[in-house]
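Structure incoming, see below.
Just so you know, all these numbers are worked out from the coordinates, no wet-lab data involved. Please read all numbers here as calculations on a predicted model, not as lab measurements. No Cβ is skipped: glycine too gets one built from the backbone with ideal geometry, and neighbour counts run over all protein chains shown.
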Amino acid sequence: MKWLLLLLALGPGDVYREFPDAKSMPPEQLAGAIRAESAAGEVSLALLRGKKVEGPVRVYFGASIEGPQGRIVSPRNAATIKDDPVIRFEAEGDAELWAYFERLGSAWHRIAPEWKTQWVPDQPQRGIKLQLRVRRADGLWAVARQVDDITLERKKLSVKIFQAGNPGPEALTRATEAAWLVGEEIRPVALDQIGAPPEKGAALLVRFSR
């Protein structure tokens, strides 16, 4: 199930349930629903109730449905973090952390509480957002308030991304490490063995000393 495009639409206060197959969704779990989305976009609640929607679906609920509670404790808004920070949070039930940062455009990326930022490219100042999603035992998800304007501070190194593949030896001056970015997979590569991209659309991540 790929929810990448839908994750971009998630905002603080959103309460929802996810179903891997709309046709097997219990009708009683639509009580309080205000809208629904599939991977292709918004779907009709009437069609959903009539079992005329196929595939995975996410159902959003209004204010009458109270979702699980959670919050990011640290960092706070406008904080400056070092490489590999620890994200601290409180959650009622299971929780997922997501970070929003620029990498070949803008996208959400699921992260661990001990966020390994080794291959996160240098960001604009205050260019990172963090989001916590919480899931209760009844399958209901809620989105906590975002933490905004985070700055990733690096004093002795930088990380750049090259979308066009091997940038050539001049662009790699002071490079210390490199890795191919293939989709969401990071594949380390020796600096003297970069060569051509391993797959179409692969980008090159490079760490430099300053």
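In straight Cα distance, which lysines are under 20 Å from K129, not counting same-chain residues fewer than 8 positions off?
Correct list for K129: K82, K116, K160.
Name the lysines eligible as straight-distance cross-link partners of K52: C-alpha to C-alpha under 18 Å, and not fewer than 8 places from it in the same chain.
K23
May I pose another question? Considering only Q125, P113, A144, whose Cα is most displaced toward the positive end of the charge dipole of the chain, charges sitting on Cβ of Lys, Arg (+1) and Asp, Glu (-1)?
Value computed over the given set: Q125.
If you don't mind, there's one more thing I want to ask. What number, in nm² with one decimal, is the all-direction average of the projected area of the convex hull of the alpha-carbon atoms of region 4-61?
Numbers: hull surface 14.6 nm².
Mean projected area for region 4-61: 3.7 nm², to one decimal.
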